[in-house]
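Read the structure below first, then the notes.
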Amino acid sequence: MTDDKRKRQIISFYEQKKRGEIYPDTDLDTESEAKLEMYREFKENGIDISSFADIELRSIKSVKAMRIMLKYYPYMTSPYTKETMLRRIDARSFPCVIEYAYNEYVKCSPNEKTGLTGLQTVIGKSEDTDFLLNLLFSPDDFAAGYYIREALSKKSPDKLKSLIRRFENGLLLPEVLIDYFRLDEKDSLERTYNMTDDEIKGISNSDYYSLCITFKEKYEKQMTYDFIHRRCNELLKKIKPPKL
């Protein structure tokens, strides 16, 4: 796909989203009323944001716009709306967004947390690595927190290394492989690549820790020789050789 075609598709999607945002004249719900008030305040301040599509799909660099979004954030009720708004607010200028994202994230089930990539990204902007580590400490939260683990791998690789040792000998091995790659643990990937079918089955049957039923079923399907072998091979190819 050419850049021009991709750009046209993005513009078309933006226009569709914008046209689809319709508010009734009466009996507005709390969130819709807050959004309309927010758009009016954007306009009063000369900020070119007139729909939620502008917040979802356009870059926002105005600190004034971010401050207005924070003002109306408490009136939003949809998890998607909250997640989208928090992602658009610079955590360095407004560190409170990390706490807001955390407050939403911890209310959710492990399976729901997996899909909250926006909240995880915001939470991952925290410089408190103990805070990030504690959000990954249980097997379910480790499995759900893909982007939090990514942030921790960059900010405190030693803490992530210590954590994955707790999970590499059980059903979470497919997730741990991703962290081996993030941490440039080529030896660990090669060791896993060379595991036999019986060794992988032994780990799969381990009761070293327990997972919620959704994750248990997911990783039981992945704990096969073919899957583990293929994923290790893919990740090993991506590891860049050290600079001389």
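Observations on the model:
- Scanning segment 69-79 for residues that are open to solvent by 10 Å² or more (accessible area, probe 1.4 Å) and part of a helix (DSSP H, G or I) returns Leu70, Lys71, Tyr72, Tyr73, Pro74, Tyr75, Pro79.
- Tallying residues that are open to solvent by 40 Å² or more (accessible area, probe 1.4 Å) and hydrophobic (A, V, I, L, M, F, W, C) within segment 80-108 yields 2.
- When restricted to residues that are touching a residue at least 60 places away in the same chain (Cβ under 8 Å) and in contact with a Pro (Cβ under 7 Å, 6 or more places away or on another chain), segment 211-244 contains 4.
- Hey, Asn169 closer than 14 Å to Ile228 by Cβ and out of contact with any His (no Cβ under 9 Å at 6 or more places or on another chain) or not: yes
- Residue within segment 46-60 that is open to solvent by less than 60 Å² (accessible area, probe 1.4 Å), modelled with pLDDT under 95, closer than 24 Å to Ala91 by Cα and among the charged types (D, E, K, R) present: yes
- Which listed residue is among the β-branched types (Val, Ile, Thr), loosely packed, with under 15 Cβ neighbours inside 10 Å and within 26 Å of Gln120 (Cα to Cα), from Ile148, Ile213: Ile213
- Here the condition is being over 30 Å from Lys107 (Cβ atoms), open to solvent by 40 Å² or more (accessible area, probe 1.4 Å) and modelled with pLDDT of 95 or more; of Lys154, Lys161, Lys186, it holds for Lys186 alone.
- Residues in segment 198-229 that are small (Gly, Ala, Ser) and outside any helix (DSSP H, G or I): Ser206, Ser210.
- Helices (runs of 4 or more DSSP H) (entirely within segment 80-197) containing at least 3 residues that are free of Cβ contacts under 8 Å to residues at least 60 places away in the same chain and basic (Lys, Arg): 146-155
The values are calculated or read from the model by the stated rules, or taken from the named source; none is laboratory data. Being a predicted model, the structure only gives us computed values, none of them experimental. In this analysis, Cβ positions are derived from the backbone assuming ideal geometry, glycine residues included, and neighbour counts consider all displayed protein chains. Ligands, DNA and RNA are excluded from the accessible area calculation, which covers all protein heavy atoms including side chains. Shrake-Rupley method; radii C 1.70, N 1.55, O 1.52, S 1.80 Å.
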